[in-house]
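Colleague: The structure that follows is given in the form of structure tokens.
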Amino acid sequence: MNGFQRRSLGAAIGSLVLLLGAFAFQYIGGMAPCPLCITQRWPHAVAIALAVLIVLLPVRFFALLGAGAMFVGAGVAAWHTGIERGWWKGPESCTAPDASNLSSGELLDRLMQTPPVLCDQVAWEMFGLSMASWNGLASLILGFLWLRAYASSSASQ
């Protein structure tokens, strides 16, 4: 295994650790994820799959895709953080309904369609940052690790 493959695998291990942490919070800690939390998991799964491909077939472009996946994940995490902080509105499908303009029947309908875990509620935080915020920071770091792996590969790949 060459340095490019090792660096790619290292970045993917970071994603694996984050995914395992998310699953531990969910299945051991009993914290159900909101829809945006689930969305934030997909870029990590893509990064892990790309690392497996790089181990089998060391194509340089796959590292760029890994970086792209992490930067998309960081963007989703930043969007989620903004929703949690009230900086902007989230999708109606996973935020608390604004009851001021709804009739009681409309409010009941909206509540029945809303998932049990809302995207605008912070379920866990450490040092003032929510899980989405930490995931965003970690995704940025992993994105740069993927770029480092790309830069370390030979231009012929």
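Every read-out reported here was derived from the displayed coordinates using simple, explicitly stated rules and does not represent laboratory data. The structure displayed is predicted, hence computed values, not measured ones. Positions of Cβ are generated from backbone atoms using ideal geometry, with glycine treated the same way; all protein chains shown enter the neighbour counts.
Colleague: Test of understanding: what is the full-extension gain from residue 55 to residue 93, defined as 0.36 nm times their sequence separation minus their Cα-Cα distance?
Modeller: On the way: separation 38, 0.36 × 38 = 13.68 nm, distance 3.93 nm.
Answer, rounded to one decimal: 9.8 nm.
Colleague: Further question: When the helix-only estimate is applied to the chain (DSSP H runs of n ≥ 4, each -39,500 (n - 2.57), divided by the residue count), what is the mean residue ellipticity at 222 nm, nearest 500 deg cm²/dmol?
Modeller: -23000 deg cm²/dmol
Colleague: Just to be sure I understand the model, the point goes 7 Å from the Cα along the line to the Cβ. What's the resulting residue 121 to residue 42 distance in nm?
Modeller: 2.4 nm
Colleague: In nm, give the distance between the simple-model label positions of residue 129 and residue 151, each being 7 Å from the Cα along the Cα-to-Cβ direction.
Modeller: The answer from the label model is 2.2 nm.
Colleague: While we're on this one: Would you mind telling me which residue in 58, 91, 33 has the biggest mean-square fluctuation in a Gaussian network model of the chain, where springs connect alpha carbons within a distance under 10 angstrom?
Modeller: 91
Colleague: Using alpha-carbon pairs under 8 Å, 6+ residues apart, how would you state the relative contact order of segment 3-152 in percent? If you can, show how the numbers build up before the last one.
Modeller: Details: 190 pairs, mean separation 53.5, N = 150.
Relative CO of segment 3-152 lands at 36 percent.
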